[in-house]
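Working notes, beginning with the structure itself.
Please treat every number below as a calculation from the coordinates, not as lab data. This one's a predicted model, so the numbers in the text were calculated from it and none came from an experiment. Neighbour counts are summed over all protein chains in view; Cβ atoms, including those assigned to glycine, are modelled from backbone coordinates with ideal geometry.
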Amino acid sequence: MKLRDLACLILVIALLVTMQNTLASTNDLFRRAVENYRSGQFAEASKDFRATAADSPTSGTLLNLGLTEWRRGRMGAAVLAWEQARWVDPFDARARENLRYARQLTGVESPDLAWYERASAWLPANAWAWIASASLWLAIGLSVVPVVFRWRKAAWTQAVAALCLAVFLASVPALFGVVTRTQIGFVLQRDTPLRLTPTDAAEAVTKLPAGEPARVVRARGVYVLVRTARGQGWVERNQFGLVCPR
C-alpha cells in the first residue's frame, strides 16, 4: 500500500470515529432529555433537547422541545419549536396539531403566507433545491448531449427535456418562498414591547403576545426591525426567534 493510500485510509477511519462519537453524544443527550422530561425537570430537559436539536435538527427532537417549553409555560418558545419541526418535516401531523391547539387556546394567528410561500411548505426546504437542480441539469443534458455527440434526436428525449424544464420553472416560485420564509419568526416572551427605535428608552408602539408571527426587515445591534399584523417596530434579538433552524 502506498503512503498516500495509507494516509487516506487513516483519514477516513478518523472521520468515521468522529462521526460515531458525535452520534453517540447526541443520543446520550436525547436520552437524558427524555429522562428529565419524564421526571418533571423541564428546564434541564429543554436545555438537553435544545442542544440535541442544534447538533441534529430533526422534527422529533424539535417536537419534544416544544412540548417541554409548553410545560414550562413558555408558549412563544413552544410555537417556535413546533414551527421549526414543520420546517424540517412539513408532513409532521403532531406538530401541526400542537400548533392548532396552541393558537386556538391563545388566540394568536398563524403567519400570513403568500401563495408561493404556501407552495414552498408542501415539501422540506432542501427538497425544492434538489428538485430544481436535478430537473435543470437533466433538461440541459438531454438537450445538449445529443448535439455534442451528434446523436439522432429522439422524440422521447425532447419530451423529457421539456418536462424537466417545466418542473424547474414550477419549482422556482417555491424556492423563492423558501428564501422569504427564512425571515419569518416568532415572539418568544409575552408582552414584548414593539419599539419605535432600536433603543431601551424608545417608546413602545404596542406589546406583542408570545407566539406572535413577524417578519424580519433588518437588524441593528441587539435589535431587529420586524413587521407584524400590529405594525412595524424594533424588538430585542433575545425576544425573537427565526423559524429556520440555524
Along each of its three principal axes, how wide is the spread of alpha-carbon positions in segment 106-217, in whole angstrom units, largest first?
73, 29, 17
log₁₀ I(q)/I(0) of segment 116-181 at q = 0.13, 0.26 Å⁻¹, via Debye over equal Cα point scatterers, no solvent, to two decimals?
-0.41, -0.98
Under a plain spin-label model, where a point goes 7 Å from the Cα along Cα-to-Cβ, how far apart in nm are residue 127 and residue 144?
2.9
Extension gain, residue 118 back to residue 105 (0.36 nm per residue minus Cα-Cα distance, nm):
2.3 nm
What's the exposure ranking of 223, 116, going from fewest to most Cβ atoms within 10 Å?
116, 223
Stretch residue 93-residue 222 to full length: gain in nm at 0.36 nm per residue minus the Cα-Cα span?
42.9 nm
Rounded, prolate or oblate: which one fits segment 184-242, using the alpha carbon gyration tensor with axes a ≥ b ≥ c (rounded when a/c is under 1.5, else prolate when a/b beats b/c, else oblate)?
rounded
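Can you tell me the FRET efficiency between residue 197 and residue 229 if r is taken as the Cβ-Cβ distance and R0 is 25 Å, rounded to the nearest 0.05?
Computed FRET efficiency for residue 197 and residue 229: 0.75.
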Going by average Cβ density within 10 Å per residue, which order do the peptides 170-180, 72-82, 148-158, 197-207 take, highest to lowest?
72-82, 170-180, 197-207, 148-158
Can you give the local net charge around residue 27? Use residues other than it whose beta-carbon is closer than 15 angstrom to its beta-carbon, Lys and Arg +1, Asp and Glu -1.
-2
Quick one, which of [x] 0.92; [y] 1.31; [z] 1.01 is the actual Cα Rg over 2.2 N^0.38 Å calculated for this model?
[y]
